[in-house]
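The values are calculated or read from the model by the stated rules, or taken from the named source; none is laboratory data. Computed from a prediction, not measured in an experiment: that's the story for all the values here. Reconstructed Cβ throughout: ideal geometry from the backbone, glycine too, with neighbour counts over all protein chains shown.
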Amino acid sequence: MVGIVGYGAYIPRNRIKVEEIAKVWGADAPSYKKGLMLEEKSVPSPDQDTITMSVEASKRALKRAGIDPREIGAVYVGSESHPYAVKPSGTVLAEAIGATPDVHTADLEFACKAGTEGMFIALSLVQAGAIKYGLAVGADTSQGAPGDALEYSAAAGAAAFIFGKDGLVAETLDTYSYTTDTPDFWRREYQYYPRHGGRFTGDPAYFKHITGAARGMMDKAKMKPADFDYVVFHQPNGKFPLRAGEILGFTKKQIEPGWLVPRLGNTYSGSSPLGLTATLDIAKPGNLILVVSYGSGAGSDGFIFKVTKRIDEVRGSAPLTAVLLDQNKNYLEYGVYAKYRRKIRKAE
Amino acid sequence: MPTPSRYWREIPQRYRLEAGKCQSCGFICFPPRLVCPRCGGREFEPTRLAGAGQLLTYTIIRVPPAPFEDQAPYAVGIAELDDGVKLTAQVVDCDFSRLRVGLRVSLEFRKVSEEGNAGVIYYGYKFVPE
Amino acid sequence: MRDVAVIGVGMTKWGELWEKSLRTIFDETALLAIEDAGVERIDSMVVGCMSSGLFVGQEHLASLLADSLGRIPVPAARVESACSSGGLALRQGFIEVASGLSDIVLVAGVEKMTDVTGCEATYALGTAADQEYEGYHGLTFPGLYAMMAVAHMHRYGTTREQLAKVAVKNHENGSKNPLAQFPFKVTVDAVVNSVLVADPLRILDCSPITDGAAAVVLCPLDLARKTGKPVVRIAGTGQATDTIALSSRQDLTWLGSTQLAAQKALAMAGRKIEDIHLFEVHDCFTIAEIMITEALGLVGKGRGGPAVEEGLTSISGKYPVNPSGGLKAKGHPVGATGVAQAVEAVKQLRGDAGARQIKGAKRALTQNMGGTGGSSVVHVFEAE
């Protein structure tokens, strides 16, 4: 039996509303809010990045896991906004939590699914008996180009999971990955902002892979949507995961606890991982959770989790995702947001 | 602005708050030292600082030193942690109007500074209100 | 130990001296002191300078200045203890004469601060703090003193207006000092409304960035008596250290190194604080002067604020503090300050302080401090 031993979330407290962004670009806020089913998104402070958020989320996961960090055999950070292009986020994280030097570390990249990639690798290593515990984090502080549709949703957050064989809060029953080469959204080396294929990012990209992975996962596990208590999809905006649920036959009630995007935005590699932490925060022992991530380029990772009794003992050991999402918020004006996100050209 | 090796040398303190507890008198040295400032003792055992405390004093720096030019204005403070150790750090995620002597704070891992766009990124601890 | 006297003083106008390099400022000042002393031979030079390296990229300073002054091969040393470099230079010069090793010692302090930007100067000054555990986090000197002010105000009820009155008093005195950087008066209103530097300290609470130098010539007492001019003796010297980081201090509101250094200097001089007629102290920030008056024992702990309000430390008060205008009005070329305090003390005791003269002044005390009080150097001067 392999699964999640501890989990933790981190969301910065700054927010910016859709109206505030739309005002600057002369766009129609109500239609963005309706079209994206989005109200506001999180914004990292200038002193926050993928590494800092990963550290805090991982410390929370350690609190719930109750293990000695020196027993962590692998640390993976998945992001598309690693602070360094060369020098892993994982080494800083591993050092900060006290897992060094006896640890394997790697940084992962696959657009928005880099977090679940790390989760897949960490749990596989545990399953293979190669390590006792593995830590995987999905974290991002991604940028949307000014005035582009993605600027409304590109947000910041992190979720960390420690995998092991004992003291599980959620057993991993199975995994399945679905991958093709699909150029829906990309960023070339040395470019500051990503680019995307507009409407091409919908059916041939997000929906094809989400449904492909979901169906593949359910076929492999011989399960159907009604068997699950909850489902978490990657959430680039509010609409896509709801529509994916409709296509596949899930109810809104199954999606709701993990559906954070309307007030969080798209935390990219943190997106479905944070949806999972939010779901674990309210799930009951015995609940079955299907998680399907999506990363442009493209691919989806599917996981089936079964919640254990231990969740009730440890969920209170660290802040709940809903608290991080909705409490202690600090709203920014566009000018401060642009300053924080380094969109303003300064002197050399 | 530290150099890569000066930064790296203090990582156990900056990342993990590793300190030394004097075996003679119990005084906690942060960063660790060779000589206890209280009793002159030379033997220490490793320990870690408490993760929370309260502000003894604070200010808002509006005229920054060169490496912090982009960050001003920012709040800094000295907090007495729950283990009695006094620590200096920035205070973040805190409206300036909330700053007061006695404010409860905890320590969070943040970016402290960086050497321009191409240099090393310097991480460390900062205070956030509890 | 021999008794030591000051036989020459020199100081030029302080300010933003764009046309003058560090060596020019030093040379002009040192020549004035040597001329005032009426000596031809110099046995040794001690120079106080906090950071010629960071400000003008120059180390090996004492040798440079010995060369530039035309005095090679005179032995020359530079001493550094942040903002108390000047006071420390005076102490080292005193020790050299008192020990009998040298007879005529030129002691000078110099700093050239305007060849770098404001932020770079703030950084350079910040190197007097704990680089890894204060500077690393973005602390500045105004920031550290502001934290001392917040703690002092919280514990003792010291007010914003009391801090301002220190600046008002020192500018009142400085307006009578032709060599001061800012020889004009300021009002409480101007101080409390000036731009914030580190809350609650405003720009008019802070000593400025200044270029300048000051110099004195020391000699054995019996040699000074032969000149026929008024004799001023250095009756006592004291120095003490304290933690470099403010957070390591037992009491954030107490300047322990000043208390100890003053006790030592006074003991050596065989005097009590009440015997002193004027004080030149290290008002790098208004709060510093308030805390220094307490550490010296002029007032009780926590009473420095009310004292300045009541005029205790004004030029006509019981304990005149900073008749020269202090660092605030006179300026603070870091390494020069400690020596400039000695220059003022000697002028006062010679009866040469013009409009700033404190009548009947026979004994003076100078207090020079580094960082947030990590070092303090105190000297007691007596007129014969």
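Identify, please: which residue in region B:99-130 is more than 11 Å from chain A (Cβ to nearest Cβ) and basic (Lys, Arg) and is, among those, farthest from A:Thr52 (Cα to Cα)?
Among residues in region B:99-130 that are more than 11 Å from chain A (Cβ to nearest Cβ) and basic (Lys, Arg), the one farthest from A:Thr52 (Cα to Cα) is B:Arg100.
Within region C:1-27, how many residues are buried (at least 24 other Cβ atoms within 10 Å of the Cβ) and farther than 16 Å from C:Leu106 by Cα?
Of the residues in that region, 2 qualify.
Given the conditions (1) over 30 Å from C:Asp3 (Cβ atoms); (2) away from every other protein chain (no Cβ under 14 Å); (3) in contact with a Leu (Cβ under 7 Å, 6 or more places away or on another chain); (4) surrounded by fewer than 24 Cβ atoms within 10 Å (Cβ to Cβ), report the number of the one that C:Phe94 does not fulfil.
For C:Phe94, the exception is condition (1).
What pairs come out if I take residues in region C:138-160 that are closer than 20 Å to C:Ala245 by Cβ and facing chain B (nearest Cβ under 7 Å) and pair them with residues that are assigned to a helix (DSSP H, G or I) and of a type in the set (A, V, I, L, M, F, W, C) whose C-beta lies under 6 Å away, six or more apart or interchain?
Pairs found: C:Gly138/B:Phe68.
A:Glu348: of a type in the set (Asp, Glu) and loosely packed, with under 13 Cβ neighbours inside 10 Å, yes or no?
Yes, satisfied.
Check region C:108-125 and report whether any residue there is crowded, with 22+ Cβ neighbours inside 10 Å and facing chain B (nearest Cβ under 9 Å).
Of all residues in region C:108-125, those crowded, with 22+ Cβ neighbours inside 10 Å come to C:108-113, C:122, C:125.
In the following step, the residues that additionally are facing chain B (nearest Cβ under 9 Å) were identified as C:122, C:125.
Scanning region C:108-125 turns up at least one residue that is crowded, with 22+ Cβ neighbours inside 10 Å and facing chain B (nearest Cβ under 9 Å).
Within region C:261-314, how many residues turn out to be farther than 16 Å from C:Ala364 by Cα and within 17 Å of the chain's Cα centre (by Cα)?
Within region C:261-314, residues that are farther than 16 Å from C:Ala364 by Cα and within 17 Å of the chain's Cα centre (by Cα) number 10.
Are any residues in region B:31-88 at the interface with chain C (Cβ under 8 Å from one of its Cβ atoms) and more than 30 Å from C:Arg202 (Cα to Cα), and if so, which ones?
Selection gives B:Pro31, B:Pro37.
Got a sec? Which strands (runs of 3 or more DSSP E) wholly within region B:1-110 have at least 1 residues that are of a type in the set (Val, Ile, Thr) and touching a residue at least 24 places away in the same chain (Cβ under 8 Å)?
It comes to B:44-48, B:52-61, B:86-91.
Select, from C:Ala129, C:Ala180, the only residue that is in a loop (DSSP other than H, G, I, E, B), crowded, with 21+ Cβ neighbours inside 10 Å, of a type in the set (A, V, I, L, M) and in the same structural domain as C:Thr372 (by TED's automatic domain parsing).
From the options C:Ala129, C:Ala180, the qualifying one is C:Ala180.
Those residues that are part of a helix (DSSP H, G or I) and of a type in the set (Gly, Ala, Ser), I need them from region A:313-329; list them, please.
Passing the criteria: A:Gly316, A:Ser317, A:Ala322.
Please tell me if C:Leu327 is modelled with pLDDT of 95 or more and within 22 Å of C:Thr12 (Cα to Cα). First the steps, then the outcome.
Details: modelled with pLDDT of 95 or more: yes; within 22 Å of C:Thr12 (Cα to Cα): yes.
Here the answer is yes, as C:Leu327 does meet what is asked.
Among the listed residues A:Lys59, A:Lys87, identify the single one that is charged (D, E, K, R), assigned to a loop (DSSP other than H, G, I, E, B) and within 14 Å of chain B (Cβ to nearest Cβ).
Just one listed residue meets the conditions, A:Lys87.
If the requirement is being in contact (Cβ under 8 Å) with a residue 24 or more places away in the chain and away from chain B (no Cβ under 14 Å), which of these qualifies: A:His104, A:His82?
Matching residue, one of A:His104, A:His82: A:His104.
Take the residues in region C:134-177 that are of a type in the set (Gly, Ala, Ser) and in a helix (DSSP H, G or I); name whichever of them is farthest from B:Ala75 (Cα to Cα).
Here the residue is C:Gly174.
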